[in-house]
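Report on the structure given below.
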Amino acid sequence: MNEKTFTLNIAHLYPKLLNIYGDWGNVLTIKKRCEWRNIGVNITSVEIGDTIDNRIYDIYFLGGGQDQQQIAVSKELQKHKNALQDASDEHAVFLAICGGYQLLGNFYQPHNAERLKGIGLLDAYTVAGEKRFIGNVTAKCDYTIPQTLVGFENHSGLTFLQGETEPLAYISVGNGNNGKDKTEGARCKNVFGTYLHGSFLPKNPHFADYLIKLALKKRYKDDIPLKPLNDKLEEAAHSSLINKKY
Ligand code: GLN
């Protein structure tokens, strides 16, 4: 049996509630890109009522969801706020998509409904907008080569970043955080939020590898090189969406 030199543990948070537009594909992408490199991956689905032992996990993932599902997850996340903030301080990697992203901020204020508390891993807030942003997105990210990120957005929430929290990327095509300040997504420490569905990572393999390297560094305290993969298909999918409007 080929021994695994490295292993990563992933907590997939509330997949029964936050998993629209196939956002589960992001977890699958990390899993496969690790396994293709003989890096072991353990995935734990965390549902409402489950405990979260932050000593175990290197990566936390939250998918997108409609306002109704966000209400339940917002309440549940409050129980784990300190544990997840400690995980973030220990440089665990978080990736949150759309509705999940909104709940990593300080709050999400839907239309005509009670404000939903976030857990403040990102210094950001979201308010419901008057229209829905739906369409392809191309954005420029400073952390990766290539610097483009592509995906599909479908949200009415308008997210505004504050304090030390920086944008994940800058919009070339689409709306991103709020359709006004040309920012898309957010980053604080190793916590990443984005409005890019699609799923996001299969079409942005360079960003998937960026997250894997961050998670390996968090666990093994070292920069562990990743063997290049044959990404012809992924790169073709990525290129086909760059600057695509419709
Ligand atoms: N309910 C949120 C909004 O509309 C998030 C939607 C989503 O996750 N796609 O902004």
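The values are calculated or read from the model by the stated rules, or taken from the named source; none is laboratory data. All values derive from a computational prediction rather than experimental measurement. For neighbour counting, all protein chains shown are included, and Cβ atoms are generated from backbone atoms with ideal geometry for every residue, glycine included. What goes into the accessible areas is simple: the full protein's heavy atoms, side chains included, and nothing from ligands, DNA or RNA. Shrake-Rupley method; radii C 1.70, N 1.55, O 1.52, S 1.80 Å.
Could you tell me which of rounded, prolate or oblate describes the chain, using a ≥ b ≥ c as the square roots of the eigenvalues of the alpha-carbon gyration tensor, with rounded for a/c under 1.5 and, failing that, prolate when a/b is larger than b/c and oblate otherwise? The shape class here is oblate. Rolling a 1.4 Å probe over the protein heavy atoms gives the range 91-246 an accessible area of 44 Å² per residue. Among beta bridges identified by DSSP and lying wholly in the range 105-193, the antiparallel ones come to about 90 percent. Ranked by the mean number of other Cβ atoms within 10 Å of their residues, highest first, the peptides 43-50, 55-62, 157-164, 225-232 come out as 55-62, 157-164, 43-50, 225-232. Considering only beta bridges that DSSP places wholly inside the range 77-228, some 80 percent are antiparallel.
Packing, as the average of other Cβ atoms within 10 Å across residues, places the peptides 212-220, 88-96, 118-126 in the order 118-126, 88-96, 212-220, highest first. Residue farthest toward the positive end of the dipole of the chain, with Cβ of Lys/Arg at +1 and Asp/Glu at -1: which of GLY105, SER199, HIS155? So the residue furthest toward the plus end is SER199. Proximity of backbone amide H atoms, modeled 1.01 Å from N, is registered between PHE94 and TYR60, VAL191, PHE192 at under 5 Å, excluding neighbours fewer than 5 places apart on the same chain. Under 28 Å of direct C-alpha separation, and excluding same-chain neighbours fewer than eight residues apart, LYS117 reaches these lysines: LYS16, LYS75, LYS79, LYS81, LYS131, LYS180, LYS182, LYS189, LYS218.
Taking the accessible area of the chain, probe 1.4 Å, and keeping the other protein chains in place, the carbon and sulfur fraction comes to 52%.
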